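Structure first, commentary second.
The values are calculated or read from the model by the stated rules, or taken from the named source; none is laboratory data. Every value quoted in this text rests on a predicted model; they were computed, and no experiment measured them. When we count neighbours, we look across all protein chains shown, and the Cβ atoms used for this are built from the backbone with ideal geometry, even at glycine. Remember, those area values only see protein heavy atoms, side chains included, never the ligands or the DNA or RNA. Shrake-Rupley method; radii C 1.70, N 1.55, O 1.52, S 1.80 Å.
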Amino acid sequence: MPMSRAARAALAAILCCSCGRTASSVALGRSARVGSGHGGDNTSGIALVQVHHGHRARHRKGRLRGVRREGMSLGDALDSLPVGVNEMFSQVKAGTVDGNAFVKALNDVYNRAQAEHDKLQYDCKERDGSSKLEVEMARTALMETERSITQLQDRMQTLQHGMDNSLAELQALRDSFEQKRKTCQKNELTQASALAMLKEDLPKSQSLATKVTTGCGFSGGTPVELIECSLPDSSYVVTFKDQELRKSVSALSGLSERVLALQLERAVRGEISRKVVAKTSMLQVARSHRRSVSSAGRVVGAPHPADAPLSFVQMNATGAQDSDDSEDSDDDSDGDYPDEWCAAAPALPCESFADYIASFAGGVEDLVDELKIRAGDEADHCREMLEKFGVRIKQLKRQSDDAGVELANAVAQQSDLETARRMQREQLKQLSQGVGAGTKQCEARLQDSQTAMCSAKVLAKEVSPAEGEFVGDCMVSDWVPGECSKSCGKGGEQALTRRIVFSAGKTAKCPPLEMKRKCNEKPCPIDGMMGRWQDWSQCSQACGGGTRTRHRDIVRQAQHGGLPTGETMQEELCNVHPCDQDCALSQWTEWSACSKACNSGHRSRVRNVVRPPIGDATCPDEHDPERWQMLACNKTKCKEEPELKCKDMMDVVFALDSSGSMGKDGFAAAQEFVQAVLKRMTFEAEDKSALAQAGAVKFANKVEVLTPLTADVSTLTGKVSGATFEPSQTNTGEALAIAGQILEDHGRPNVHSTVVVLTDGMPASSYILRSEAERLKKQGVRLVFVLVGAGISRHTAELWASWPVAENIVRVRTFASLKTKSSQTALLSSICPTLA
């Protein structure tokens, strides 16, 4: 139903007094091209502010803007419009100007104000959005700069902490370096002093050996008398009865004295083991015993127990013990131990005595060689340690210097970032203020355009135009924006449309219903661009966990809302492995077969080294429980009857000791023992192929090859039984070397190689024996020692025998015991896993 003219006039008045429509929330751009709408006139697009130029009401805008909230009077309306409109209104009232012409002029004013209002709605919104985006981008850039400053400060703190640690460690290393250097120098002087003393001992020991064996050598004679003395400290000493010989002994260094004391004690113990079977004390057998009670109530001169400690201090020329307290001894000493302390030791066969004395002279030579090697090893160790200290000191110095340079660069970078932050803060402040000022300006201009439209309506009401003639009577909706032809840049265009809410009719004049405007004219976003990452810096620590960094430059900053630039520095952990890292071990292997058929063997499994230790870390020894595990097996005692024979494939060389300490009868017992063992080995399988091969050597001062490896048992036993006793010193080391050469020349591939040494005394050179034993064991040759008597301690033999020593050392108490089947079976069960 059409609205009456009076109703429309009333609605228009209400709308006029309410200050018109609210600005649209969409559509962007700064200018609009207005087309012709339904019943509307074309507008020139001149801004309302230009229409008002020179208007007398310009100075009353503040007052007129306030009127809109309470309604607008005719005077206020006239003040807000151009002078020409005011004059024309007066003429209309006077009847000199046609009212239609005045309405046309009002339409022109209204259309211009409407166009300005429409344009400002989108321009202001677009500018507000652009301004807020600039503020947000400025805020983001400021936050990125502050983040970079924080990150840089953290890095500077890390660098400073690292420098402090490096300097502290550097000082500690320098102190340790100096301490280690002083220790090495001290040890070097100590070893040089000891070596000088031992070199002085060499001619003395040789002279003493010659002197005591002149009347009692390998060819026989009268032995030098020895005595054993039980001392008040519960130890005992074996020494020469002759005071002049003891004087010669006291002229030796303590190390050489120790060697002599050990050899004399072993000689006496070995002689006793030949004469007795029951385990008794040395002095109980060797002499009658005399007892006395010292002033302190201690019994001296009594038989010393089997585990009594051996004193290595011989008597000097005055009869006092060679010790630090000797200067406090009684000047009235009679030059000897009290008679009640000592007793004669058993007389030794000259062949045996000469052998032990030769071992003494050789032992002093061994000490010289070993001390030279030890001094060399110590010097190498010191040099390596000092070189490691030096390398580490250089590393720390370089790390500290590099960190100092990087810290200086970081300080300069921090200064640049702080300058940039101050500028960005100022820029953000200005942009934020600009947003507020622009918003106020837009609001004022929108209010001016609305005031102009309201003023036109007030004047139109006064002249009562014909229905549909005043464009302000036509009410239209808000603009509906279409899609912009471009997303950014220049040349974008957007179509806007609106509809008539109500009008006087189809011929009524209305504002334009279509409009085109430029849109999205802001520059297209440009993403930030980063340069390539530089190489990673050196790690701040060589081990134990350090950090390293890398940098890249900003090639182009982000613009117009493009993607921001990324980080300019990255930091990561490096060299996190421990500085000292123990070796890495494999998984356990499968359990091996039992090593012995009887008499208690073992099964084993091992872990191999897959990565050696790093730095000063360690790696368990190959026989350490972490790498070697054993389980006992076949614990039953081997049967004596029927006689068990070896059924395994092996290459074995027997080395028989024919030195003076063995004695002629002892060497004969050893020959019979080896022959009996050979007869219990299987040399030929049922298919006529060789199972075992054996060879034999004998050794004293020289080594003689009795037979190389052969499977002919008759040849073997014949060569062994035909060997002659040649008393001289014990050259066990050379015997091992020759036996190893036989296995190397004639041994079969993939067949276990074994050397069995049968001896009763210490070698002439323990150093040579130990060196050859280590060499052969590294080559995979098994070393088994059959020790007769008590001339060699188990601890000493463990240095020579293969692992496990319990299965590679066969103890036989006397030479007579060699003839028993149990002794033969003990050796066979050790070297042959399969007995039948």
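Of the residues in region 240-260, how many are in a helix (DSSP H, G or I), of a type in the set (D, E, K, R) and over 52 Å from the mean Cα position of the chain (by Cα)? The number of residues fulfilling the criteria is 3.
Residue-by-condition table, conditions (1) in contact with a strand residue (DSSP E or B) (Cβ under 6 Å, 6 or more places away or on another chain); (2) in contact (Cβ under 8 Å) with a residue 24 or more places away in the chain; (3) under 29 Å from Val697 (Cβ atoms):
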site: Arg556; (1), (2), (3): yes, yes, no
site: Gly561; (1), (2), (3): no, yes, no
site: Asp580; (1), (2), (3): no, yes, no
site: Lys596; (1), (2), (3): no, yes, yes
site: Asp621; (1), (2), (3): no, no, no
site: Asp624; (1), (2), (3): no, no, no
site: Met649; (1), (2), (3): no, yes, yes
site: Val652; (1), (2), (3): yes, yes, yes
site: Gly663; (1), (2), (3): no, yes, yes
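The condition (being within 15 Å of Glu257 (Cβ to Cβ) and either open to solvent by 60 Å² or more (accessible area, probe 1.4 Å) or in a strand (DSSP E or B) (or both)) is satisfied by just one residue among Lys204, Lys199: Lys204. On inspection, Ser766 passes the criterion of being of a type in the set (Gly, Ala, Ser) and more than 19 Å from Gln675 (Cα to Cα).
Among residues belonging to region 766-794 that are part of a loop (DSSP other than H, G, I, E, B) and at pLDDT below 90, point out the one that is surrounded by the fewest Cβ atoms within 10 Å (Cβ to Cβ).
Per the stated criteria, the residue is Ser793.
Ser823 falls short on exactly one of the conditions (1) open to solvent by 40 Å² or more (accessible area, probe 1.4 Å); (2) more than 22 Å from Leu736 (Cα to Cα), and that condition is (1). Note on region 697-728: among residues that are among the polar types (S, T, N, Q) and under 22 Å from Ser765 (Cα atoms), the one that is surrounded by the fewest Cβ atoms within 10 Å (Cβ to Cβ) is Asn701.
In region 135-155 there is no residue that is touching a Lys or Arg at 6+ places or on another chain (Cβ under 6 Å), within 30 Å of Ala444 (Cβ to Cβ) and open to solvent by less than 20 Å² (accessible area, probe 1.4 Å). Would you be able to tell me the number of residues in region 388-412 that are closer than 26 Å to Arg139 by Cβ and open to solvent by 70 Å² or more (accessible area, probe 1.4 Å)? Qualifying residue count for the region: 0. Does region 729-739 include one or more residues that are open to solvent by 30 Å² or more (accessible area, probe 1.4 Å), in a helix (DSSP H, G or I), at pLDDT below 95 and over 25 Å from Leu260 (Cα atoms)? The answer is no; no qualifying residue exists. Checking each residue of region 325-345 against the condition of being modelled with pLDDT of 80 or more, more than 32 Å from the chain's Cα centre (by Cα) and surrounded by fewer than 16 Cβ atoms within 10 Å (Cβ to Cβ) gives at least one match.
Of all residues in region 539-557, those being at pLDDT 85 or above and assigned to a loop (DSSP other than H, G, I, E, B) number 4. Restricting attention to region 608-623 and to residues that are open to solvent by less than 60 Å² (accessible area, probe 1.4 Å) and at pLDDT 90 or above, the residue that is nearest to Ala685 (Cα to Cα) turns out to be Pro620. Taking region 578-651 as the region of interest, the strands (runs of 3 or more DSSP E) fully inside it that hold 2 or more residues being under 23 Å from Ala692 (Cβ atoms) are 601-606.
Are any residues in region 162-191 open to solvent by 90 Å² or more (accessible area, probe 1.4 Å) and either free of Cβ contacts under 8 Å to residues at least 40 places away in the same chain or over 30 Å from Cys574 (Cβ atoms) (or both), and if so, which ones? The answer is Gln171, Gln179, Lys182, Lys186, Glu188, Leu189. Which of (1) under 58 Å from the mean Cα position of the chain (by Cα); (2) modelled with pLDDT under 85; (3) not basic (Lys, Arg) is the odd one out, the single condition Gln430 does not satisfy? Failing condition for Gln430: (2). Taken over region 740-765, the residue count meeting the criterion of being surrounded by fewer than 24 Cβ atoms within 10 Å (Cβ to Cβ), touching a Ser or Thr at 6+ places or on another chain (Cβ under 7 Å) and among the hydrophobic types (A, V, I, L, M, F, W, C) is 0.
Looking only at region 225-256, residues that are more than 27 Å from Met197 (Cα to Cα), open to solvent by 40 Å² or more (accessible area, probe 1.4 Å) and modelled with pLDDT of 85 or more come to 1 in all.
When Arg550, Arg556 are screened for being over 13 Å from the mean Cα position of the chain (by Cα), basic (Lys, Arg) and open to solvent by 60 Å² or more (accessible area, probe 1.4 Å), only Arg556 passes.
Just checking, which of Gly66, Gly54 is within 26 Å of Cys442 (Cα to Cα), outside any helix (DSSP H, G or I) and at pLDDT below 85?
Working: Gly66 fails: outside any helix (DSSP H, G or I).
Being within 26 Å of Cys442 (Cα to Cα), outside any helix (DSSP H, G or I) and at pLDDT below 85 holds for just one of Gly66, Gly54, which is Gly54.
Among the candidates Val480, Val458, Val463, the residue that is crowded, with 22+ Cβ neighbours inside 10 Å and β-branched (Val, Ile, Thr) is uniquely Val458. Restricting attention to region 434-452, and to residues there that are within 60 Å of the chain's Cα centre (by Cα) and of a type in the set (Gly, Ala, Ser), which single residue is surrounded by the fewest Cβ atoms within 10 Å (Cβ to Cβ)? It comes out as Gly436. Quick one: is Asp123 under 30 Å from Gly528 (Cα atoms), assigned to a helix (DSSP H, G or I) and among the charged types (D, E, K, R)? Taking the combined requirement at face value, the residue satisfies it.
Taking residues in region 98-125 that are within 16 Å of Gly84 (Cβ to Cβ) and open to solvent by 10 Å² or more (accessible area, probe 1.4 Å), and partners anywhere that are of a type in the set (Asp, Glu) and outside any helix (DSSP H, G or I), the pairs with Cβ atoms closer than 9 Å and at least 6 places apart or on different chains are Lys104/Asp41; Lys104/Glu469; Asp108/Asp41.
Filter region 801-811 down to residues that are free of Cβ contacts under 8 Å to residues at least 40 places away in the same chain and either assigned to a loop (DSSP other than H, G, I, E, B) or touching a helix residue (DSSP H, G or I) at 6+ places or on another chain (Cβ under 8 Å) (or both), then give me how many there are. Residues in region 801-811 being free of Cβ contacts under 8 Å to residues at least 40 places away in the same chain and either assigned to a loop (DSSP other than H, G, I, E, B) or touching a helix residue (DSSP H, G or I) at 6+ places or on another chain (Cβ under 8 Å) (or both): 7 in total.
Exactly one of these conditions fails for Ala797: (1) farther than 21 Å from Val259 by Cβ; (2) open to solvent by less than 20 Å² (accessible area, probe 1.4 Å); (3) assigned to a helix (DSSP H, G or I); (4) small (Gly, Ala, Ser). Give me its number. Evaluating Ala797 over (1) farther than 21 Å from Val259 by Cβ; (2) open to solvent by less than 20 Å² (accessible area, probe 1.4 Å); (3) assigned to a helix (DSSP H, G or I); (4) small (Gly, Ala, Ser) leaves (1) as the failure. Only one of the numbered conditions (1) touching a Gly at 6+ places or on another chain (Cβ under 9 Å); (2) closer than 22 Å to Glu704 by Cα is violated by Gln779, and that is (2).
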